[in-house]
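Q: A single structure is presented below for examination.
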Amino acid sequence: MVRGGLSVCYDEFLTPREQLQTENVHMRKIRISRQSVESSSNFQEKWLDLEAISVAEVTSEDPNFPIESALTEKGQRSGWRAAETGEQVIRVVFDRPTPLHRIRLEFSDTETERTQEFLLRWGRIGEPPREIVRQQWTFSPHGSTSEIEDYRVQLDDVSTVELKLKPDLRPDHGVASLAAWRMA
C-alpha cells in the first residue's frame, strides 16, 4: 500500500502465524432460502403464562385496571393502574424457580406530562434482589406518549421479578400505570 509517498506492507507487522492465518481463511457458509428468512423474521416470542405459574403482588390497584390485564394476553387489554398516587411496586413471584431470557415492559400515557422512573429487579430464593435496569422516561401528550422497553437477559432460577414505579418525579404526583409486562 502506498501512503504519503511511503510504501507500507502490513504483512511485515504480522507474525508468521498471523500471516498463515490470514492466508488460509475460509468462511464456512450455508445457503438459506428466502422462505426460511421470512419465517424467522416473523417469529413470535412464546411469553410465559404468568397467570398459571406465578402470583402477582401489588401495592395498589384500581379495580377497573387490575394487574392481570397487564400481565396476561387474555381478555381485556386495558393495562394496570394504581388506585393512588405515588410510588408503587408490582412483584411477580414464581411458583418455582424459572429461567428468563426476555423481559418486555410497555407504558402509555396520552394525557399527562410527567417524568417517570422505574427500577426492574430480580431475585433468587434466599438472596437479595439484583438490579436489571433503572430508567427514566418523559411522557408528553403532544410528543412521546408510549415507552416500550425490551430487555434480553440470561437469568437462571428466578423466584421474583419486581417493578418499582415512580410515576412522576415530583413528590406524590401522578398515578402509576403499566400497559403490558411480558416475560419469556
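Bear in mind these aren't lab numbers, they're just calculated from the coordinates by the rules spelled out. Model, not experiment: these values are computed from the prediction. Here the Cβ is made from the backbone with ideal geometry for all residues, glycine too, and neighbour counts use every protein chain on show.
Q: How big is the equivalent ellipsoid of region 50-183 along its three axes, where each semi-axis is √(5λ) from the Cα gyration tensor, reported in whole Å from largest to smallest?
A: Calculated on Cα positions only, the semi-axes equal 24, 16, 14 Å.
Q: When the chain is fully extended, how far beyond the present Cα-Cα distance does Glu113 get from Val89, taking 0.36 nm per residue of separation? It would help to have the intermediate numbers written out before the result.
A: Details: separation 24, 0.36 × 24 = 8.64 nm, distance 2.14 nm.
Gain on extension, Glu113 to Val89, equals 6.5 nm.
Q: Moving to a separate point now. Using each residue's phi in region 115-128, evaluate 6.51 cos²θ - 1.76 cosθ + 1.60 at θ = phi - 60° and report the 3J(HN,Hα) Karplus result to the nearest Hz, with x for Gly and Pro.
A: 10, 9, 10, 10, 10, 10, 10, 9, x, 9, 4, x, 10, x
Q: Could you tally the net charge around Asp109, taking each other residue with its Cβ under 15 Å from the Cβ of Asp109, Lys/Arg +1 and Asp/Glu -1?
A: Charge balance near Asp109 sits at -4.
Q: Right, something else. Gap in Å between the Cα centre of region 64-84 and the Cα centre of region 91-106?
A: 17 Å
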